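These notes concern the structure reproduced below.
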Amino acid sequence: MSSPDRNDTPVLITEAAPSYEEQHAARRKKYAIMMSLRFPCLILAALFAHTWWLALFFIVLSVPLPWMAVLIANDRPPRKTEKANRYEVERRAITQKSTTVIDG
C-alpha cells in the first residue's frame, strides 16, 4: 500500500548524474591529455628555433596549458536545481457580508 506522501513516479536512469568515479576518471583523462600536449609544444619550439616567431608561438602556447589543465580537472559539473516541495495554503477571499451600521 502506498502512502499519500510517497511519489511513485519512477526515476529515469538517463536523468541520473554520472557517478563520482566516472566524473573523476573523465577529469583525469582530460588532465592527462592536456599535460601531454605541453611536451610536443616544447619540442616543436625547439625544432622551429630558426623561425623565431613560430618557436615563440609554441612556447607561448605551452605556458598556460598546466594552468588550464588544473582548472578543467578540478571543475565539476553543475548541480541540478531541485524543486522544493513546500506546502502551499489555498488562499480564499473573505466574502463580503452586508452589515448594518447603527450610528447613535
Qualifying residue in the stretch 3-10 (condition: open to solvent by 90 Å² or more (accessible area, probe 1.4 Å) and either at pLDDT 90 or above or more than 30 Å from TYR87 (Cα to Cα) (or both)): no
Identity of the residue in the stretch 44-93, touching a residue at least 24 places away in the same chain (Cβ under 8 Å) and among the polar types (S, T, N, Q), that ends up nearest to ASN7 (Cα to Cα): ASN74
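Here's the yes/no breakdown for (1) hydrophobic (A, V, I, L, M, F, W, C); (2) touching a Phe, Trp or Tyr at 6+ places or on another chain (Cβ under 9 Å); (3) part of a helix (DSSP H, G or I); (4) under 23 Å from LYS29 (Cα atoms):
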position: HIS50; (1), (2), (3), (4): no, no, no, no
position: PHE57; (1), (2), (3), (4): yes, yes, yes, no
position: MET68; (1), (2), (3), (4): yes, no, yes, yes
position: ASN85; (1), (2), (3), (4): no, no, no, no
position: VAL89; (1), (2), (3), (4): yes, no, no, no
position: GLN96; (1), (2), (3), (4): no, no, no, no
position: THR99; (1), (2), (3), (4): no, no, no, no
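Give me the residue from the stretch 47-96 that is aromatic (Phe, Trp, Tyr) and at pLDDT 80 or above and, out of that set, surrounded by the most Cβ atoms within 10 Å (Cβ to Cβ).
It comes out as PHE58.
The values are calculated or read from the model by the stated rules, or taken from the named source; none is laboratory data. No experiment lies behind these values; they were computed from the predicted model shown. Here Cβ is always computed from backbone atoms with ideal geometry, including for glycine, and neighbour counts include all displayed protein chains. Please note that ligands, DNA and RNA were not included when accessible areas were found on the heavy atoms of the full protein model with its side chains. Shrake-Rupley method; radii C 1.70, N 1.55, O 1.52, S 1.80 Å.
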